[in-house]
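Encoded as structure tokens, the structure appears first; notes follow it.
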Amino acid sequence: MAVSEPTLEVEHGLFAAGVPSVIGMDEVGRGAIAGPVAVGAAVVAPACGPFPEGLRDSKLLSERARTRLEPLAREWVLYGAVGLASPAEVDELGITACLGLAGRRALLELHAVGADVTGSTVLLDGNSDWLSRALQRPLTITTRVKADRDCASVAAASVLAKVHRDRLMIELHEALPEYGWEGNKGYGSAHHLSALSEHGLTLHHRSSWLPAYT
């Protein structure tokens, strides 16, 4: 089956309407039971030119391909950032609120390095605006189903977030290897669940999601 390739059609439509830059955003780690949720943000403008060959939604790429593409994506975009919300925050606030929190942190990081956040249009994957409630000032936000598959800016954001979060989980694996995070990246694999039964929860688990292990 052919793999759908992203384009810049949506982004160029916004540029043609007078938008100076687009911030593609996507989340990773939403369904994990351990580790943070991450939101990637990738700023693109007409001057960015063609995106790296092979760029895809991170879910459509192997770990090796994502690792190869991540620096190319960072070089292509004007600015890139990843925001995180911790497992404790997920337990306290809920996952949807934490998507917004992580997204706001990514936008603050973009602003700190010089991106024109307020002048941009934010392009979110999906049909739900999980970002606006977390913002102190409103931004222009548009949602698009399968934007991570179809829009190169969102695909780049997905790769940035996935590689960043995977590296964090690999670092945590070194301290707590019994949970297998190097391989499962905090998702509920059979090995991970077996380790929970044997060793219990850590501070890196979303305990509110795992009442059977508390």
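The values are calculated or read from the model by the stated rules, or taken from the named source; none is laboratory data. Note that the structure is a prediction, hence the values are computed from the model and not measured. Ideal geometry is used to build each Cβ from the backbone, glycine not excepted, and the neighbour counts take in all protein chains shown. What goes into the accessible areas is simple: the full protein's heavy atoms, side chains included, and nothing from ligands, DNA or RNA. Shrake-Rupley method; radii C 1.70, N 1.55, O 1.52, S 1.80 Å.
Brief remarks on what is shown
- Any hit, segment 84-104, residues being basic (Lys, Arg), touching a residue at least 40 places away in the same chain (Cβ under 8 Å) and out of contact with any Cys (no Cβ under 7 Å at 6 or more places or on another chain): no
- For segment 120-145, filtered to residues that are at pLDDT 95 or above and farther than 21 Å from ALA17 by Cβ, the residue that is surrounded by the most Cβ atoms within 10 Å (Cβ to Cβ) is TRP130.
- Some residue of segment 147-164 being at positive phi and charged (D, E, K, R): no
- Segment 103-119, residues that are open to solvent by 70 Å² or more (accessible area, probe 1.4 Å) and basic (Lys, Arg): ARG105
- For ILE23: the one exception among (1) in a loop (DSSP other than H, G, I, E, B); (2) of a type in the set (A, V, I, L, M, F, W, C); (3) under 13 Å from the mean Cα position of the chain (by Cα): (1)
- Restricting GLY49, GLY29, GLY35 to residues that are touching a His at 6+ places or on another chain (Cβ under 8 Å) and of a type in the set (Gly, Ala, Ser) narrows the list to GLY35.
- Each residue in segment 172-195 was checked for being without any contact (Cβ under 8 Å) to a residue 60 or more places away in the chain and more than 18 Å from the chain's Cα centre (by Cα), and 15 of them qualify.
- Any hit, segment 29-43, residues being open to solvent by 10 Å² or more (accessible area, probe 1.4 Å), within 20 Å of VAL145 (Cβ to Cβ) and either at pLDDT 95 or above or not polar (S, T, N, Q) (or both): yes
Quick grid of which residues meet (1) out of contact with any helix residue (DSSP H, G or I) (no Cβ under 6 Å at 6 or more places or on another chain); (2) within 17 Å of ASP26 (Cβ to Cβ); (3) open to solvent by 10 Å² or more (accessible area, probe 1.4 Å):
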site: SER153; (1), (2), (3): no, yes, no
site: ALA157; (1), (2), (3): yes, yes, no
site: LEU172; (1), (2), (3): no, no, yes
site: SER189; (1), (2), (3): yes, no, yes
site: ALA195; (1), (2), (3): no, no, no
site: LEU203; (1), (2), (3): yes, no, yes
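- Meets criteria (open to solvent by 60 Å² or more (accessible area, probe 1.4 Å), touching a Ser or Thr at 6+ places or on another chain (Cβ under 7 Å) and either at pLDDT 95 or above or under 20 Å from GLU63 (Cα atoms) (or both)) for ARG149: yes
- Qualifying residue in segment 73-85 (condition: part of a helix (DSSP H, G or I), open to solvent by less than 30 Å² (accessible area, probe 1.4 Å) and either at pLDDT below 95 or over 18 Å from ILE23 (Cβ atoms) (or both)): no
- Residue within segment 44-52 that is surrounded by 15 or more Cβ atoms within 10 Å (Cβ to Cβ), under 24 Å from LEU99 (Cβ atoms) and out of contact with any Leu (no Cβ under 8 Å at 6 or more places or on another chain) present: no
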